Every structure is written in C-alpha cells, then in structure tokens.
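Worksheet: the structure to be examined is printed underneath.
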Amino acid sequence: MRDRYDVVIVGGGLSGSSTAYFLGANPDFRGRVLVVERDPTYANAPSAKATGGIRQQFSTPENIRIGLFGAHFAKNVDEYLAVDGESTGVVFREQGYLLLATSAALPILQANHRTQLAEGADIVFLRPAEIAERFPWVRTDGLEGGFFGQRNEGWVDPYAFLQAFRRKARALGADYVEDRAVDVVTAGGRVTAVRLERGGLVECGAMLDAAGASGGRAVGRMLGVDLPVESRLRTTFVWECREDVSRGPLTVLPSGVAWRPEGRTCIGNLSPPPERDPERFDHEIDHDEFERDIWPLLAEWIPPFEALKVTGAWCCHYDFNTLDENAILGLLPGYDNAYVALGFSGHGMQQSPAVGRALSELIVHGEYRSLDLGRFGYARVATGEGIHESNCW
Ligand SMILES: Cc1cc2nc3c(=O)[nH]c(=O)nc-3n(C[C@H](O)[C@H](O)[C@H](O)COP(=O)(O)OP(=O)(O)OC[C@H]3O[C@@H](n4cnc5c(N)ncnc54)[C@H](O)[C@@H]3O)c2cc1C
C-alpha cells in the first residue's frame with residue numbers, strides 16, 4: 001500500500017468494487033485506486049448474501065434503466081470481468097421475476113408496467129390461466145394475473161459476482177487493503193486523507209463512501225453529513241418441498257414474500273412491517289419468523305409449500321434509505337471530491353454495475369455520461385423530496 005492514492009474507496013462490497021473496476025477500465029483514468037475493506041471474508045456483507053435478483057420491474061424510469069444495464073452486464077459478465085481469458089464462473093439464471101397481482105395491487109402494477117414497457121423492458125402480463133399453465137404450483141383463484149419478465153430478469157450468485165469484480169479491479173491495478181477507515185482529514189471543501197485503523201493516514205485525491213449498511217452512515221458522519229440510512233435486519237430462509245419448482249421465477253407474492261428456487265431447494269424472505277423493523281446491527285436469527293410470519297403467506301399462494309422442511313437460514317442488513325428506499329449517489333454536500341453510494345435498500349446488487357460505471361464517470365469526467373443518475377443525488381435528501389419507488393417489498 002502506498003501513502004497516497006488518487007481515489008480511496010471505503011468499503012469493498014459490490015458498490016466499491018464495481019467502482020474500482022470501472023475506474024480501472026476507463027482509458028481516461030490513469031490514477032491509483034485503494035479499496036479499504038475491513039472484512040475481506042464478507043461474512044456479514046449483503047454483497048455476499050443477497051438473493052441475487054436482477055429485474056426491471058420498478059416504477060422509477062432510472063431504476064428500470066439501471067436494471068437493464070445490470071442484466072446486460074450479468075449476461076456478458078465474462079466480457080467485462082474475465083481475467084486473462086479465465087471465465088468468472090458467474091451464471092445469470094434468466095428465469096424471470098413473477099409479481100402476482102390481486103385486484104388491490106393491479107392498478108399500481110399496471111401503471112408501472114406501462115413505464116417498464118416505455119423504457120424497453122420485456123415484461124408481459126399473464127392471465128391466471130397462463131400462470132397456471134406455465135407455473136402450475138401457483139394458486140391462481142383470487143389472482144387478477146401476474147407480471148412476468150421473460151427476458152433480462154433472474155438472478156446471479158452475489159458472492160461470485162463480488163469476487164469477479166474484486167479480481168478484475170485488482171487485475172486493472174486497484175489495491176485492496178484489509179483495514180477500517182476511522183476518520184478523514186478535510187480542508188477547504190476537500191477530503192485530503194483517510195485515516196485507517198492500522199495503516200494510518202492515506203492521502204487521497206478523492207474518496208467514495210461505499211461502506212454499506214454497517215458503516216456508510218458512520219463514514220458520512222466523519223464528513224459531517226447525516227445520511228438517512230439505517231441498518232435493517234433481513235433473514236433469508238432455505239427450505240425444501242416435494243414438488244420440483246426449480247425452473248420457476250423469482251416470485252413475489254401479494255403479501256410481499258419473495259422467494260426463488262436455488263437448485264432443488266428454495267430461498268425467500270419478507271421485510272417486516274415498519275413498526276417491527278427498527279435499526280439493528282446484530283445478526284440474531286429469529287427462527288420462529290418463518291413459521292409465524294412467512295410460511296402461512298407462502299402456503300396461501302403456493303400449495304406445494306403447505307408441506308415443506310426448513311433446512312437453513314442466514315441474515316444480513318439492508319442499507320435502508322428512510323427517505324425513499326432508493327440509492328443516494330454522487331457528491332456529498334460541501335465537498336467537491338467526496339462521493340457516496342449508499343441506501344440501496346434491497347436492490348444494490350443489481351445496481352452495482354450501473355452505479356460503479358456512473359460514479360467512475362463522475363469522478364473522472366465530472367459528469368454522468370452513460371446514464372444520468374443525477375436524480376439520485378443528495379439534493380433530494382436536503383429538500384426531503386424523495387423519489388417514490390412503488391415496486392419495493
Ligand atoms: C436479504 C437481502 C437480500 C437482498 N437481495 C437483493 C437482490 O435480490 N437484488 C439486489 O440487487 N440486491 C439485493 N440486496 C441488496 C444488496 O445486497 C445490497 O444493496 C448491496 O450488496 C450493497 O452493496 P454495497 O457494496 O453498497 O454494501 P455492502 O455489501 O454492505 O459492502 C460494504 C462494505 O463496507 C465495509 N465497511 C464498512 N465500514 C467500513 C469501514 N469503516 N472501513 C472499511 N470497510 C468498511 C463492510 O465490511 C462491507 O464489506 C439484498 C440485501 C439483503 C440484506
């Protein structure tokens with residue numbers, strides 16, 4: 001590790017590693033990048049433990065465009081991230097997302113569908129009979145239909161995706177160091193150095209706060225900025241059932257339970273209601289949650305899940321943006337070289353390719369060039385006028 005870098009990235013998860021990769025791949029950038037990651041095992045990082053879903057079924061045009069680039073990137077991942085011709089091993093399982101609609105949700109989902117089509121997403125509306133034919137394990141009485149992404153939606157293994165970004169970023173010259181950023185030095189609206197717990201002061205030309213749910217807000221505070229992001233615990237359960245649903249899509253039930261096949265098993269989770277969703281930093285799994293809150297909702301719409309066996313569970317945290325559940329991207333207020341990528345609230349994995357590309361452009365060129373993500377800037381936090389994304393669950 002040197003004592004000066006052009007860009008210091010705090011947090012080596014998907015946001016930080018994607019930005020490091022896109023900086024290294026930008027022919028106009030000739031600087032040095034340091035990624036500071038306090039836990040390179042990623043034992044508790046959502047970047048390693050997400051569901052892995054990539055979709056375009058959002059209501060915000062920018063989120064749809066980001067999702068389209070995420071799918072393109074995942075499909076062509078080896079063209080971006082292979083090192084010396086060696087495949088990344090990342091597989092995009094293009095099995096779609098299926099959002100089941102009752103009459104209550106139909107008008108909103110229909111409006112969102114129109115926006116998705118206008119943005120070029122390939123989402124179709126399936127009537128109950130079509131759902132029954134394609135996905136016979138879904139109960140369709142009581143349903144108005146479902147919205148299905150027949151192309152460009154599915155999932156990847158997030159850990160493999162993260163490792164591929166890291167490996168390529170390093171191959172392009174980025175240094176990774178196992179350490180914790182504990183403070184910053186600023187002068188005249190600029191960050192001049194980042195202090196590491198073990199490594200001491202590292203001077204920098206620019207810095208990025210990509211420290212996620214566990215550290216992003218604290219890094220913001222070091223810069224005197226209060227970011228409206230809380231750490232919210234989410235538990236993913238794993239179960240088996242007798243019926244083979246392995247060809248199924250990532251399915252979102254009317255209750256908000258989201259599940260998908262993982263080989264011959266299934267994984268799924270449910271975001272608790274706001275009154276039972278405080279900020280938390282622990283990793284305690286509530287093993288009763290599945291039977292109490294999730295199983296009845298699963299069995300209601302997926303009859304084969306009436307008889308199932310839970311075989312595992314893990315937990316990690318959303319970096320939950322309390323203003324609007326959307327990313328906060330770009331320059332931090334009062335600085336011309338301190339950037340942030342935080343607040344993804346459950347969709348930061350699929351957004352990491354577009355976010356890394358966008359931030360690298362902002363850092364190198366001072367503007368977004370591929371996709372204008374200016375709407376996700378901090379300015380909306382200052383005014384309190386969030387972006388309403390209605391396809392969050
Ligand atoms: C249960 C669950 C399911 C999800 N499913 C999906 C999904 O299907 N699709 C999707 O797109 N997204 C999903 N997400 C969201 C996605 O995982 C996150 O938005 C994304 O991984 C955020 O990446 P990140 O790099 O910004 O943050 P993180 O993954 O949190 O990485 C931040 C890193 O910063 C490090 N760090 C923190 N503080 C410091 C410090 N002071 N110094 C040095 N290092 C520090 C941490 O150790 C961590 O490794 C899910 C999340 C959860 C919890």
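Derivation of every value follows stated rules applied to the coordinates shown; laboratory data play no part. Everything numeric here is computed off the predicted structure, so don't read it as measured data. Virtual Cβ from ideal backbone geometry, glycine too; neighbours counted across all protein chains shown.
Which residue fluctuates most in the GNM of the chain (Cα springs below 10 Å): GLY53, GLY200, GLY216?
Among GLY53, GLY200, GLY216, the largest GNM mean-square fluctuation belongs to GLY200.
For VAL83, put the label point 7 Å out on the Cα→Cβ axis and report which residues of segment 336-374 keep their amide N under 20 Å from it.
Counting backbone N atoms under 20 Å from the label point, the list is 353, 356-357.
I need the shape label for segment 186-226. Rule: rounded when a/c is under 1.5, else prolate if a/b > b/c, else oblate, with a, b, c from the alpha carbon gyration tensor. Mind dumping the intermediate values first?
Details: a/c = 1.98, a/b = 1.21, b/c = 1.63.
Oblate, since a/c reaches 1.5 and b/c is not below a/b.
Find, among the chymotrypsin sites (Phe, Trp or Tyr not before Pro) in segment 343-392, those assigned to loop by DSSP (not H, G, I, E, B) with at most 14 other beta-carbon atoms within 10 angstrom.
Numbers: sites: PHE344, TYR368, PHE376, TYR378; in loops: PHE344, TYR368, TYR378.
Answer in residue order: no site qualifies.
With 14 Å as the cut-off, how large is the P(r) tail for segment 208-289, expressed as percent of Cα-Cα pairs?
Details: 2378 of 3321 pairs.
Here the tail beyond 14 Å accounts for 72 percent of pairs.
Tell me what the chain gives for mean residue ellipticity at 222 nm when only DSSP H runs of n ≥ 4 count, each as -39,500 (n - 2.57), the sum divided by the residue total, rounded to 500 deg cm²/dmol.
Mean residue ellipticity at 222 nm (helix-derived): -8500 deg cm²/dmol.
Quick one: grab the alpha carbon gyration tensor of segment 264-393, order the square roots of its eigenvalues as a ≥ b ≥ c, and give me rounded if a/c is under 1.5, else prolate or oblate depending on whether a/b is larger than b/c.
Numbers: a/c = 2.66, a/b = 2.25, b/c = 1.18.
Prolate, since a/c reaches 1.5 and a/b exceeds b/c.
Taking a virtual spin label 7 Å from the Cα of ASP122 along the C-beta vector, which residues in segment 67-83 bring their backbone nitrogen under 16 Å of it?
67-76
Taking 8 Å as the Cα distance limit and 6 or more residues as the minimum spacing, I'd like the relative contact order of segment 1-160 as a percentage.
On the way: 237 pairs, mean separation 43.3, N = 160.
Dividing the mean separation by the residue count of segment 1-160 yields 27 percent.
Report the relative contact order of segment 251-300, percent, no decimals, based on alpha-carbon pairs under 8 angstrom and at least 6 residues apart. If you can, show how the numbers build up before the last one.
Working: 30 pairs, mean separation 16.9, N = 50.
It rounds to 34 percent for segment 251-300.
Any chance you could tell me what percent of the C-alpha pair distances in segment 266-336 go past 20 Å? Provide the component values of the computation, followed by the final result.
Working: 1189 of 2485 pairs.
Percent of Cα pairs beyond 20 Å in segment 266-336: 48.
With charges only on Cβ, +1 for K and R and -1 for D and E, what is the dipole size of the chain about its Cα centre, in debye, rounded to 20? Before the final figure, lay out each step's value.
Working: 39 positive and 53 negative charges, 149 e Å.
In debye, rounded to 20, the chain gives about 720.
Could you list which residues have their amide H under 5 Å from that of TYR5, counting only those 5 or more apart in sequence or on another chain, with H placed in the peptide plane?
Residues meeting the criterion, in which the H sits 1.01 Å from N, are GLU203, CYS204, GLY205.
Evaluate the relative contact order of the chain (contact order divided by residue number), counting alpha-carbon pairs under 8 angstrom at least 6 apart; express in whole percent. Working shown, then result.
Numbers: 873 pairs, mean separation 91.8, N = 393.
So the answer I get is 23 percent.
Amide H to amide H under 5 Å from ARG232: which residues, 5+ apart in sequence or cross-chain, H placed 1.01 Å off N in plane?
Close amide H contacts, sequence-distant or interchain: ARG280, TYR318, PHE320.
Taking θ as phi - 60°, what are the ³J(HN,Hα) couplings along segment 349-360 by the Karplus curve (6.51, -1.76, 1.60), each to the nearest whole Hz, with x for Gly and Pro?
5, 5, 7, 4, x, 5, 5, x, 5, 5, 5, 5
Once both labels are modelled 7 Å past Cα along the beta-carbon direction, what's the ARG292-GLU367 spacing in nm?
Between ARG292 and GLU367, the label points sit 5.4 nm apart.
Just check segment 350-393 against the gyration tensor rule for me: Cα atoms, a ≥ b ≥ c as the square roots of the eigenvalues, rounded for a/c under 1.5, and otherwise prolate or oblate depending on whether a/b exceeds b/c.
The shape class here is oblate.
With θ set to phi - 60°, apply the Karplus curve 6.51 cos²θ - 1.76 cosθ + 1.60 along segment 131-144 and write out the HN-Hα couplings as whole Hz, x wherever there is a Gly or Pro.
In residue order, the calculated couplings are 4, 4, 6, 7, 10, x, 7, 8, 7, 10, 6, x, 9, 7 Hz.
Percent of Cα-Cα pairs more than 20 Å apart in segment 1-72, please. Display every interim value, and only then the final one.
Working: 1212 of 2556 pairs.
Above the 20 Å cut-off, segment 1-72 has 47 percent of its Cα pairs.
Taking amide hydrogens as modeled 1.01 Å from N in the peptide plane, which residues meet the under 5 Å criterion relative to LEU208, leaving out close sequence neighbours?
When sequence neighbours closer than 5 places are left aside, the close amide H contacts are VAL8, ILE9, VAL10, TYR339.
Run the quick spin-label model on ARG4 and HIS388: label points 7 Å from Cα toward the beta carbon, then report their separation in nm to one decimal.
Modelled inter-label distance: 5.1 nm.
In nm², what is the average projected area of the convex hull enclosing the Cα atoms of segment 1-129?
Details: hull surface 45.5 nm².
Over all viewing directions, segment 1-129 projects a mean Cα-hull area of 11.4 nm².
What is the log10 of I(q)/I(0) for segment 197-251, computed with the Debye formula using one identical point scatterer on each Cα and no solvent, at q = 0.22, 0.25 Å⁻¹?
-0.98, -1.12
Count charges around VAL381 for me, please; just the other residues with Cβ under 11 Å from its Cβ, Lys/Arg as +1, Asp/Glu as -1. It would help to have the intermediate numbers written out before the result.
On the way: positive: ARG380; negative: ASP226, ASP324, GLU385.
So the surrounding residues net to -2.
Based on Cα positions only, what radius of gyration and what Dmax would you give for the chain, in angstroms?
Spelled out, the Cα radius of gyration and Dmax of the chain are 20.8, 64 Å.
Can you list the HN-Hα couplings for segment 287-297, worked out from phi with the Karplus curve (6.51, -1.76, 1.60; θ = phi - 60°), rounded to whole Hz and with x for Gly and Pro?
Working through the residues one at a time gives 5, 7, 4, 4, 5, 6, 9, 9, 3, x, 6 Hz.
Rounded to a whole number of µm²/s, how large is the Stokes-Einstein D of segment 109-259 at 37 °C and 0.692 mPa s, given Rh as the Kirkwood radius over C-alpha pairs? Spell out each step's value before the answer.
On the way: Rh = 20.4 Å.
Reported coefficient: 161 µm²/s.
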